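Scroll down for the structure; my scribbles are underneath it.
The values are calculated or read from the model by the stated rules, or taken from the named source; none is laboratory data. Because the structure is predicted, anything quoted here is derived from the model rather than measured. No Cβ is skipped: glycine too gets one built from the backbone with ideal geometry, and neighbour counts run over all protein chains shown. Just the protein is used for accessible areas: all its heavy atoms, side chains included, with ligands, DNA and RNA removed. Shrake-Rupley method; radii C 1.70, N 1.55, O 1.52, S 1.80 Å.
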Amino acid sequence: MRPPHTRRSVLSAVGAALPVALAGCLAGTPGDDPATGDDSPADDGSPEESQTDEQPTGSTPRGRPEVDCATASRPPVSPIGDAETPTDASRYPERPDSVADESAVETYLTEYERAYRRNSLAEGYGEELTTAGVPLGSTRVFDSREGSAVVRVRYQYYYEYSDDDPDTTAVIHADSATTYATYYLDDRVLVRAEETGRLADESVLRPDPWSSGTVVECWE
């Protein structure tokens, strides 16, 4: 099943310029997708907000999420389109030596999320996927217990895939909704939770890796 998207536009095979200017002011420093050099797609500020019970920033840190390491999984590292090998942006980064280095942890998790998204798209579309841009907009670090880190990445991404109609060379372009990925990291596990749609209050811990997270990696 192909991933959901918010809009489509049929482009010619030679392509048109991607609408990738990120609108609005994000809470962090925007980063270009190293695989494409493009900025993120426009955020039109549409009301994607939703409300539920959340964990506010500054709450008492919780322990390690209960996970079954036998179920740990992540999309395999894959090339995009007709490339022979994956790009650096699709390779998962190495875990930092210490979670006490907040800057290193933020860099690790933003790069991890970029790779996760690119590989997820490649897994879903196969050779039909021709472009994947994942410019990461901002991060938020939440309180966590000693020896762990909880970081949320907010971003939008875009991608293109070839129409499976053999009688056309059209390419479909899609832009994602606002996407949030929250990670819990310690020396044993990496847990990821994802949610789409603009949050009404970004100070809350949502998505919550304790209630909706899945384990992507375990270490001895």
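Do we find a residue being among the aliphatic types (A, V, I, L, M) and part of a strand (DSSP E or B) anywhere in region 151-165?
yes
When the residues of region 172-220 are narrowed to those that are within 26 Å of E94 (Cα to Cα) and among the acidic types (D, E), which ends up most open to solvent (accessible area, probe 1.4 Å)?
Here the residue is E220.
Just the residues that are open to solvent by 30 Å² or more (accessible area, probe 1.4 Å) and part of a helix (DSSP H, G or I), please, taken from region 111-141.
E111, Y116, S120, E123, G124, G126, E127, E128
Can you tell which of T168, T110 is over 20 Å from P209 (Cβ atoms), of a type in the set (S, T, Y) and out of contact with any helix residue (DSSP H, G or I) (no Cβ under 7 Å at 6 or more places or on another chain)?
None of the other options fit; the residue is T168.
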